[in-house]
């Protein structure tokens, strides 16, 4: 067997062994389950969510880009204060604040329901039907998963304006302790 062939076999064996050790250590870590609860989420988290909104549920093909910047301050017992800025289609800016309740199951998967009130609404929001106004409230439903680094992987799964029909919304991002 040539020297080059021996080197290739040695390299392949090293890569295989490294991959097996990595997989084994990950499997061992995954086997250690934590008993998460609401106390795992305490303090302030910040995140930006990117996605889209479907303003007319009868026309799901018509979507507008949506980005949201959120500060979520949790008490470790299931309640939180929230402030957010939403940018819809680059022209409608909403400044919002409100409260939320959250729950966390033993696996670290959680859910948040936040009720936010519009504090300011830019003139660029007039193209939405109905156009949002100052003082309008909406309920947001958000799902999350706690990561090892204590950041949260977040998706938004629902938006229900206080006055109106449910709005389809797709948002995803990461929230990390502030």
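Throughout, read-outs are computed from the coordinates displayed, never taken from laboratory work. Fair warning: this is a prediction, and the values are worked out from it, not measured in the lab. A quick note on method: Cβ atoms are made from the backbone with ideal geometry, for glycine too, and the neighbour counts reach across all protein chains shown.
Quick rundown of the values:
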{"item": "Residues within segment 42-69 that are assigned to a loop (DSSP other than H, G, I, E, B) and more than 18 Å from residue 125 (Cβ to Cβ), tallied", "result": "5"}
{"item": "Filter result (in a loop (DSSP other than H, G, I, E, B) and more than 19 Å from residue 85 (Cα to Cα)) within segment 131-161", "result": "147, 148, 149, 150, 151"}
{"item": "Any hit, segment 127-135, residues being closer than 25 Å to residue 75 by Cα and free of Cβ contacts under 8 Å to residues at least 60 places away in the same chain", "result": "no"}
{"item": "Among (1) without any contact (Cβ under 8 Å) to a residue 40 or more places away in the chain; (2) closer than 19 Å to residue 67 by Cβ; (3) touching a strand residue (DSSP E or B) at 6+ places or on another chain (Cβ under 8 Å), the one test that residue 156 misses", "result": "(1)"}
{"item": "The listed residue being more than 25 Å from residue 127 (Cα to Cα), within 18 Å of the chain's Cα centre (by Cα) and in a strand (DSSP E or B), out of 107, 99, 85", "result": "99"}
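Conditions tested, residue by residue: (1) crowded, with 20+ Cβ neighbours inside 10 Å; (2) in contact (Cβ under 8 Å) with a residue 60 or more places away in the chain; (3) at positive phi.
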position	(1), (2), (3)
60	no, yes, no
92	yes, no, no
107	no, yes, no
110	yes, yes, no
117	no, no, no
